[in-house]
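Only one structure is covered here, and it is reproduced in the block below.
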Amino acid sequence: MAVQYGGRPAGGTHWRLSWNDRNVRSIVYQIAALAAVVAGVWYFVDNTLENLRRLGLASGFGFMDREAAFPIGESLIDYTPADTYARALLVGVINTLYVSAIGIILATVLGTVIGIARLSRNWLIAKLASVYVEMTRNTPLLLQLFFWYMIFLELLPPARQALQPVPDVFLSNRGVRFPVPAAADGWSLMGAGVVIGVVGAMILSSWSRRRQAATGQQFPVVWAGLAAIVGCGVVGWLLGGAPTALDRPALRGFNFSGGVEVSPEFVALLLGLVIYTAAFVAEIVRGGILAISQGQTEAASALGLKRGMILRLVILPQALRVIIPPITSQYLNLTKNSSLAVAIGFPDLVHLANTAINQTGQAIEGIAIIMAVYLTISLSISLFMNWYNRRVALVER
Amino acid sequence: MNKLSVLAAGAALAVAAAAPAQAGKTLDAVKQRGQLICGVSQGTAGFSRPNNQGAWEGLDVDFCRAVAVAILGDASKVRYVSTTAAQRFPALQSGEVDMLSRTTTATLTRDTVNGFNFAPVTFYDGQGFMVPKKLGVKSAKELNGATVCVSPGTTTELNLADYFRAQKMQFKPVVIEKVDEIRSAYFSGRCDVYTTDASGLASLRAVDAPNPEDHVILPEIISKEPLAPTVRHGDEEFADIVRWSVYATIEAEELGISSKNLEQMLKSEDPAIKRFVGVTPGNGKALGVDEKWAYNIIKQVGNYGEIFERNVGKGTPLKLERGLNDLWTRGGLQYAQPFR
C-alpha cells in the first residue's frame with residue numbers, strides 16, 4: 001500500500017497519536033460532531049420532559065386506548081364516537097392515504113396530458129396549457145382549496161333544490177350523490193370474472209412477448225387482453241343472475257339517503273391537490289420529452305416505426321429516466337399538502353390528530369404521531385419510486 | 001493537543017447548558033413585561049372581538065383587563081392573542097399566553113390532564129342548536145339525520161356526539177377549525193344545524209347572520225358550560241390574583257359598588273366596603289398586589305353587572321337575560337367568596 005497521509009509514508013502500524021495525523025483529526029472531528037448531535041437531542045428531550053413534569057402534564061400514549069367521543073364526518077372504515085383515539089387516528093391515516101393515492105393518479109394523468117398539450121403544434125391548445133400551468137403554479141395551494149370549497153358552498157344549491165345533471169345524480173352544497181348498484185351476489189361473481197380476466201391477460205401478454213422474440217410475429221395483446229377482462233367480467237355477471245337493481249339516492253328528511261355521497265370537503269381537496277400538482281407534473285413531463293433529441297424521432301421514423309411506437313419504444317423510455325426523480329418529489333409534495341385539508345374540514349390525519357391533541361392535551365405525542373405517519377408514507381413513496389427509477393434507468397455497460 | 005482540549009471544553013459547555021431552562025413564574029413575567037398576555041377568541045361578538053377602532057371588546061376581554069388592573073394597575077396593559085379553539089390549550093401550556101379568557105368550559109380533564117386551573121365562572125352557559133327557520137324544526141329531537149357544523153377540539157363537539165348517541169339519532173358533522181369558515185359553511189347551507197354555547201349562538205344570530213330573522217335557536221340546552229378564565233398549573237400566586245379579580249367584580253355588585261358610585265363608597269362606614277375598596281388595608285398585601293386593586297378594577301372595568309350589561313345585556317345586539325348569571329341573591333349562580 002502506497003497511500004500517503006499528510007505527506008508522510010503511512011504504513012499500517014505507523015500511526016501516531018498526534019494532532020498532525022490526519023486519521024486522528026478526522027476521528028476527533030467525528031466524535032465531536034456526534035457528541036454535539038447527541039447533546040442537542042438530549043437537551044431538547046430533557047427540557048421537554050422537565051417542563052412537562054413541572055406543569056404536571058401527563059405524557060405517554062395511554063390516551064390511545066381511551067374513548068375518542070368526538071364524531072368524524074367521513075370514514076372508509078366503521079367509526080363511532082364510542083371508538084378509541086387509536087381508531088380515530090387510523091381513520092385519519094386512511095383518509096390521508098385515500099385522497100393522496102387518488103390525487104397522485106389523477107395528477108399524473110392530467111399533468112401528462114397538459115405537458116404534452118404544451119408541446120402541441122396547435123397554437124390554441126399549447127397556449128391554453130401554458131395559461132393553466134402558469135395560473136395554478138403561481139397561486140398558493142391554500143387559496144385554491146378555499147376557492148374550490150367556496151364554489152361548492154356558494155354556487156351549488158342546498159340539498160332540497162339539488163341539481164340533477166343526469167337522472168339520479170344529485171349535485172348540491174352537500175356534495176355529489178350518485179346511484180350505485182344495489183348489493184347483490186351477482187356483483188361478486190363479476191368481480192371474480194374480472195380477476196380471472198386480468199390473470200388471463202397477463203399470461204397472454206407474456207406468451208405474445210415470447211412469441212415475438214422467437215418468430216417476430218406481433219399479436220394485438222392490448223385489445224385481446226381488454227377483451228379477456230371485459231368478457232370474463234360479463235360472463236361472471238351473467239352467471240350471477242345479471243343483477244340490475246340500483247341503490248338510488250332520494251331526498252329523505254334533511255338529506256339524501258341511498259347511493260354514494262362524495263362530500264364537498266373531499267372533492268374540494270382532491271380538485272385543489274390534483275390541479276395544483278398537475279401543473280408541476282406537466283412541466284416535468286414537457287422537460288422530459290424535450291430532453292430527447294429530435295434526431296432520435298427522425299432515426300426511429302427512418303426505421304419505419306409508427307408515431308405511437310416511437311413515443312412508446314424510443315421517447316418515453318428515455319424521457320422517464322429524466323421524469324421519475326422530480327416527479328417523485330411532486331408525489332411527496334401532494335401527500336404532504338393533503339394536510340391542508342384541515343382548513344376546509346376534510347378529516348385527514350392532521351385534522352383528527354389536532355382534535356385528539358385538543359381533547360387530550362397531549363400535543364407532543366400527537367405531533368410525534370403525525371410526523372411518524374408522514375415520514376412513513378413519504379419514505380414508502382420514495383422507496384417505491386427509487387425502485388421504479390432503477391428499473392427504467394438506462395443500463396450502462 | 002491544545003485544540004483537542006478546546007473541543008472538549010466546548011462539549012462540556014454544551015452539556016452544562018443542557019440543564020433545563022426554568023421558565024420564570026407567570027406573575028414575575030407579567031410584572032417584568034409590564035403587560036398581560038391574554039388568549040381570546042377569533043371574534044365572538046359580546047365576548048371578545050375587536051371593535052371598529054381595532055380595540056378588543058367583550059365580557060371575556062373585560063376579565064383580562066381586570067387582571068391587568070390588579071397586577072399592573074392599568075386596564076390597557078394587555079396584549080390580546082387571538083386563538084382558535086384548537087390552538088388555545090397549546091398556547092397556554094407553552095406559555096405563549098399568560099391566561100385564557102376565551103369562552104372556555106371548565107372540565108375535570110382540562111383541570112387535571114391538561115394541567116390547568118380555572119378561575120371562578122364568568123359566564124354560566126349551555127350548549128344549544130341553531131337552525132334556519134325555513135327547515136321548520138321546533139325541537140332538537142327532530143334533528144335525526146341532520147348535518148351539523150361544529151368547531152373542533154371543543155366540549156361542544158363531544159356533547160354533540162353524546163347527545164345524538166343518547167337520543168339514538170344519526171348526524172353528520174362538518175368540522176372546520178377556523179371560525180369564519182365554519183360559520184360561512186352554516187350560512188351557505190352546507191349544514192342544517194350550527195351548534196355551540198347558547199351565548200355564542202345568540203351572538204352569531206344577532207351579529208353575524210345576514211338576516212337574524214331567518215334563524216331560530218332551539219329550546220333544548222344539552223349541556224352545562226361554565227365558562228371560566230384559565231391559567232396553567234405552576235404559579236399559584238398568579239392563579240389567586242386571577243381568581244380574586246373575578247370575585248372582585250361579583251363582590252362589588254353584591255355590595256352595591258359600581259364604577260358610578262365608587263367615590264362615595266370610599267367614605268362608607270360599612271367594614272366590608274372599607275376592606276373591599278382598600279380603605280382598610282390587608283387584602284392587597286395578602287394577594288401581593290396594590291391595596292387599591294379592587295377599587296381600581298371597579299373604577300376601570302366595572303362590577304359584574306356592568307360588565308354583563310355592557311357586553312351581552314339587554315342594550316346590546318345579543319339581548320341576553322341575566323338568568324343563571326344573576327347574583328345568588330336574585331336567583332342566579334354568581335356568588336363571590338368572602339373578602340376577608
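List the number of the failed condition for A:P71; all other conditions in (1) at pLDDT 85 or above; (2) out of contact with any helix residue (DSSP H, G or I) (no Cβ under 8 Å at 6 or more places or on another chain) hold. Of (1) at pLDDT 85 or above; (2) out of contact with any helix residue (DSSP H, G or I) (no Cβ under 8 Å at 6 or more places or on another chain), only one is false for A:P71: (2). Just so you know, in segment B:74-93 the residues that are modelled with pLDDT of 95 or more and touching a Leu at 6+ places or on another chain (Cβ under 9 Å) include one that is surrounded by the most Cβ atoms within 10 Å (Cβ to Cβ), and it is B:V78.
Working carefully through the options B:G331, B:G278, B:G305, find the one that is under 21 Å from the mean Cα position of the chain (by Cα) and of a type in the set (G, A, S). So that I can check it myself, show each step before the final result.
Details: B:G331 fails: under 21 Å from the mean Cα position of the chain (by Cα); B:G278 fails: under 21 Å from the mean Cα position of the chain (by Cα).
Every option except B:G305 fails the conditions.
Suppose the filter is farther than 30 Å from A:Q164 by Cβ, part of a helix (DSSP H, G or I), away from every other protein chain (no Cβ under 14 Å) and touching a residue at least 24 places away in the same chain (Cβ under 8 Å); does A:G186 pass it? Spell out the reasoning first.
Details: farther than 30 Å from A:Q164 by Cβ: no; part of a helix (DSSP H, G or I): yes; away from every other protein chain (no Cβ under 14 Å): yes; touching a residue at least 24 places away in the same chain (Cβ under 8 Å): yes.
Judged against the criteria, A:G186 is not a match.
The selection criterion, being surrounded by 13 or more Cβ atoms within 10 Å (Cβ to Cβ) and away from every other protein chain (no Cβ under 14 Å), holds for A:V198. Checking each residue in segment A:359-369 for being in contact (Cβ under 8 Å) with a residue 24 or more places away in the chain and either part of a helix (DSSP H, G or I) or more than 10 Å from chain B (Cβ to nearest Cβ) (or both) picks out A:Q359, A:T360, A:I364, A:E365, A:I369.
Those residues that are surrounded by fewer than 24 Cβ atoms within 10 Å (Cβ to Cβ), of a type in the set (S, T, N, Q) and either more than 17 Å from B:V69 (Cα to Cα) or not assigned by TED's automatic domain parsing to the domain that holds B:P317 (or both), I need them from segment B:31-43; list them, please. B:Q42 - this is the single residue of segment B:31-43 that is surrounded by fewer than 24 Cβ atoms within 10 Å (Cβ to Cβ), of a type in the set (S, T, N, Q) and either more than 17 Å from B:V69 (Cα to Cα) or not assigned by TED's automatic domain parsing to the domain that holds B:P317 (or both).
Could you go through segment A:38-58 and let me know if any residue there is within 14 Å of chain B (Cβ to nearest Cβ), open to solvent by 40 Å² or more (accessible area, probe 1.4 Å), hydroxyl-bearing (S, T, Y) and outside any loop (DSSP other than H, G, I, E, B). So far as segment A:38-58 goes, yes, one or more of its residues are within 14 Å of chain B (Cβ to nearest Cβ), open to solvent by 40 Å² or more (accessible area, probe 1.4 Å), hydroxyl-bearing (S, T, Y) and outside any loop (DSSP other than H, G, I, E, B).
When segment A:102-145 is filtered for residues that are surrounded by fewer than 13 Cβ atoms within 10 Å (Cβ to Cβ) and either in contact with a His (Cβ under 8 Å, 6 or more places away or on another chain) or closer than 15 Å to A:T335 by Cα (or both), only A:I105 remains.
Against the condition in a loop (DSSP other than H, G, I, E, B), touching a residue at least 24 places away in the same chain (Cβ under 8 Å) and among the aromatic types (F, W, Y), how does A:F70 come out, does it pass?
Numbers: in a loop (DSSP other than H, G, I, E, B): yes; touching a residue at least 24 places away in the same chain (Cβ under 8 Å): yes; among the aromatic types (F, W, Y): yes.
Answer is yes for this residue.
Residues in segment B:135-148 that are within 8 Å of chain A (Cβ to nearest Cβ) and either assigned to a helix (DSSP H, G or I) or of a type in the set (F, W, Y) (or both): 1 in all.
Each residue in segment B:94-110 was checked for being among the basic types (K, R) and crowded, with 24+ Cβ neighbours inside 10 Å, and 1 of them qualify.
The set of residues from segment B:294-312 being out of contact with any Gly (no Cβ under 9 Å at 6 or more places or on another chain) and of a type in the set (F, W, Y) comprises B:Y304, B:F308.
The values are calculated or read from the model by the stated rules, or taken from the named source; none is laboratory data. No experiment lies behind these values; they were computed from the predicted model shown. Glycine also receives a Cβ, built like all others from the backbone with ideal geometry; neighbour counts cover every protein chain displayed. Surface accessibility is based on the protein's heavy atoms, side chains included, excluding ligands, DNA and RNA. Shrake-Rupley method; radii C 1.70, N 1.55, O 1.52, S 1.80 Å.
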